[in-house]
Amino acid sequence: MNATLSLASILAEPARRRPDHIALIEGAQRITFAELWRQAREQAAALIELGVRSGDRVALMGPNTTDFPRAYYAILAAGATVVPVHLLLTADEAEYVLTDSGASLLICHELVAPVGQVAAERAGIRCVDPKELVGEPIPTFVSRGPLDTAVVFYTSGTTGRPKGAELSHLNMVMCATVNAFDANDVHRDDIALGALPLFHVFGQTVSMNSHWRVGATLVLLPRFDAAEAIRLMNAENVNTFHGVPTMYIGMLEAGKEFETLPHLRLCISGGAALPPSVLEEFERVFGSYILEGYGLSETSPTASVNQPELGPEAGTVGHPVWGVDVEIADPDVRDRIELLPPGTIGEVVVRGHNVFSGYTGRPEATAEAVVDNWFRTGDLGTKDDKGYLRIVDRIKEMIIRGGFNVYPTEVEAALLRHPKIAQVAIIGVPDENYGEEILAVVVPAEPVTADEVIDYAREHVARYKYPRRVEFLDALPLGPTHKVLKRELKERFA
């Protein structure tokens, strides 16, 4: 008999083991695991009535409200594959995701219905509001094979049109399990703030699935606002926070207005490099140490993280998680994986239970990304002799000035220690003499001049690394996951 496995079990099991425990909080809503699983099975019945069959792809577009996880697990319970759609996409971009993924239906929250309905109509599929999905609950979820696709995440498309990374039920269940029991030490009575978008792999796996893997509670924040996040964490006794660096920076600023700050047992940062100065200040103000991790959509996402059991080390993303190998390979050798010794900078490569099955309809791109069973991340990094991994930068974001390699995150970390700088992004812009010149885009904490920024940088980084140009903005452009959109900055200042 063939083995079966479903990501739906992440909700089905706590509904069986802790039926009366609160699974989900949004505003005044308190939904137990038993209630949420029943509601998901009701929606699964409605999906089946609409013609959704095992293996079909169903797109889901919505904010962090109870509608999202309910519909997410309904799709899985029906035996279908979830295709999350970014909230900030235009109708043209959403249409591309629907058609490229082969979605047969779009479940779309009323907040983004104007975009979703147009995209679905152009794609020739039906668009339904999650509140329309009502039926007699199916008895249990439709079984799937471990290697069947559970979720298709569309990458950001920094080098062209987005690609759909197919993650299997085994990928997703294992990553949630390893995060919960090995990497992050999640407790069954923890209360986590769901501030990361659930349509993104970080929020989906680390916040939602990992906590429900052990039967813990998730508090939803539909739209991230630092002050509202602190208020909500205080009100709901939240002890776990997952975020990207810009969220932590925002909370440090907003925290100045609060007499009482939440007591956080577990804080995880990912998505971008966390400046050491932010980690240090957050620990001082909130009394909580941030464990920085690393991963990608193609790795479910967690590949490496600072783990309490192994000893965290600031400035690194810790060690590979259980069952996963992360090494450094020669980025110039493309037909095979040639591993490099400790201390060498090269391309980060990953293998293990977390690595995706491939890109939807793109065998050539898959073959280029997965070589000798290792996934090429496109990130530059290095490992020390104790096994700690440091991410240097994206290969494509590295600046080559006059033949010297400059890694933006290193310069950003140095500048963020300046008391007058709140945020900074380092980008490379075309230059006739040096090929590329280094530009600092600064959000001031208080008035500061370009000369002050440049002089400070000259004191703290090597001469070939400091920015020769400085531009000021009131805020850096952020994507839906609060990562800085450097493409927009390059287009604006190049």
Can you pull the one-decimal nm distance between simple spin-label points at residue 285 and residue 88, each 7 Å off the Cα toward Cβ?
2.2 nm
Once phi is turned into ³J(HN,Hα) by the Karplus curve 6.51 cos²θ - 1.76 cosθ + 1.60 with θ = phi - 60°, what whole-Hz value does each residue of the stretch 212-220 show in order, with x for glycine and proline?
6, 4, 9, x, 8, 9, 10, 9, 8
As I understand it, the dipole of the chain uses +1 on the Cβ of Lys and Arg and -1 on the Cβ of Asp and Glu, about the Cα centre. Which of 343, 84, 371 lies farthest toward its positive end?
84
If you put +1 on each Lys and Arg Cβ and -1 on each Asp and Glu Cβ, how big is the dipole of the chain around its Cα centre, in Debye rounded to 20?
740 debye
Give the calculated FRET efficiency between residue 488 and residue 143 to the nearest 0.05, with a Förster radius of 30 Å applied to their Cβ-Cβ distance.
0.10
Between residue 460 and residue 368, what length in nm is gained on full extension when 0.36 nm per residue of separation is reduced by their alpha carbon distance?
29.3 nm
If you take the alpha carbon radius of gyration of the chain and divide it by 2.2 N^0.38 Å, what ratio comes out, to two decimals?
0.96
Taking 0.36 nm per residue of sequence separation and subtracting the Cα-Cα distance, how much length would be gained by fully extending the chain between residue 384 and residue 28, in nm to one decimal?
123.3 nm
With the 8 Å Cα cutoff and a minimum separation of six or more residues, the stretch 9-171 has a relative contact order in percent of 22 percent
Could you name the lysines in cross-link range of residue 256, using Cα to Cα under 19 Å and dropping any fewer than eight places away on the same chain?
420
Could you give the alpha-carbon Rg of the stretch 398-493 over 2.2 N^0.38 Å, rounded to two decimals?
1.01
Among DSSP bridges having both ends in the stretch 9-171, what percentage is antiparallel? Round to the nearest 5.
45 percent
Label-to-label distance, nm, for residues given as residue 404 and residue 257 (7 Å Cα→Cβ offset)
4.2 nm
To the nearest 10 degrees, how steeply does helix 91-101 sit against the main Cα axis of the chain, on a 0 to 90 scale?
70 degrees
Which cross-chain or sequence-distant (5 or more) residues have an amide H under 5 Å from the amide H of residue 394, H modelled 1.01 Å from N in plane?
380
So what is the relative contact order for the chain, in percent, with contacts set as C-alpha pairs under 8 Å and at least six apart?
11 percent
Go through the stretch 137-142 residue by residue and turn each phi into a ³J(HN,Hα) via Karplus (6.51, -1.76, 1.60, θ = phi - 60°); whole Hz please, and just put x for glycine and proline.
x, 5, x, 7, 6, 6
Relative to the longest principal axis of the chain, what angle (0 to 90°, nearest 10) does the C-alpha long axis of helix 33-49 take?
70 degrees
Let me make sure I get this right: for the stretch 13-118, a, b and c are the square roots of the gyration tensor eigenvalues over alpha carbons, sorted descending. Under 1.5 in a/c it's rounded, otherwise prolate if a/b > b/c, else oblate. Which is it?
oblate
What lysines could a cross-link reach from residue 490, if we take a straight Cα to Cα line under 20 Å and drop same-chain neighbours fewer than 8 places away?
396, 465
Projected label distance in nm at residue 452 and residue 265, using a 7 Å step from Cα toward the beta-carbon
4.3 nm
³J(HN,Hα) across the stretch 112-128 via Karplus (A = 6.51, B = -1.76, C = 1.60, θ = phi - 60°), whole Hz, x for Gly/Pro?
10, 4, x, 7, x, 5, 5, 4, 5, 4, 5, 7, x, 10, 7, 10, 10
Let's test the formula: R0 of 45 Å, r as the Cβ-Cβ distance of residue 335 and residue 478. What FRET efficiency results, to the nearest 0.05?
0.75
With the convex hull built on the alpha-carbon atoms of the stretch 284-330, volume per residue in Å³ sits at 108 Å³
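Every number in this text was worked out from the coordinates using simple rules, so none of it is lab data. None of the values given here were measured: they were computed from a predicted structure. Backbone-built Cβ (ideal geometry, glycine too); neighbour counts: all protein chains shown.
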